[in-house]
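Below you'll find the structure, written out as structure tokens, and then a few comments.
The values are calculated or read from the model by the stated rules, or taken from the named source; none is laboratory data. What you see is a predicted model; the values in this text were computed from it and never measured. Positions of Cβ are backbone-derived with ideal geometry, glycine not excepted, and every protein chain shown enters the neighbour counts.
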Amino acid sequence: MTNHTNRNRLHDLDLEKWRDPLRLFLDVVEPIGTLGAQVLWVMQPSLGIFFGHQLIGDLAQVLENPAELEALRKQLDETENAPS
């Protein structure tokens, strides 16, 4: 998944609503990176009911790639600093 695709999918997500929970989630699972991604893949069927299967899959892919993780963090920061 490229950063462009990541941005498009996250654009569909209401980042104002999900920014803080997503940032907390990234802070918790970033140190275990690939393991955290594997946990998401395993839990995708049940978590997908609440958050959407595509979102869970996208987050797992981001956790597997440090460059995409950093791009996601930058996008969250940009959203926070954007004028309302």
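The number of residues in region 42-56 being loosely packed, with under 12 Cβ neighbours inside 10 Å and among the small types (Gly, Ala, Ser) comes to 1. Annotation note: Cβ proximity below 7 Å between a residue of region 69-80 that is among the acidic types (Asp, Glu) and a residue that is part of a helix (DSSP H, G or I) and surrounded by 12 or more Cβ atoms within 10 Å (Cβ to Cβ) (sequence gap 6+ or interchain) occurs for Glu80/Arg19. The condition of being in contact with a Leu (Cβ under 7 Å, 6 or more places away or on another chain) and more than 15 Å from Arg23 (Cα to Cα) holds for only one of Ala37, Ala60, that being Ala37. Within region 33-54, the residues that satisfy the criterion of being of a type in the set (Gly, Ala, Ser), assigned to a helix (DSSP H, G or I) and farther than 16 Å from Pro66 by Cβ are Ser46, Gly48.
The residues listed here are Glu78, Glu70, Glu30; of these, the one that is assigned to a helix (DSSP H, G or I) and at pLDDT 80 or above is Glu70. Residue pairs whose Cβ atoms lie under 9 Å apart, separated by 6 or more positions or on different chains, with the first residue in region 29-55 and on the phi > 0 side of the Ramachandran plot and the second part of a helix (DSSP H, G or I) and not acidic (Asp, Glu), are Gly33/Leu63; Gly33/Pro66; Gly33/Leu69.
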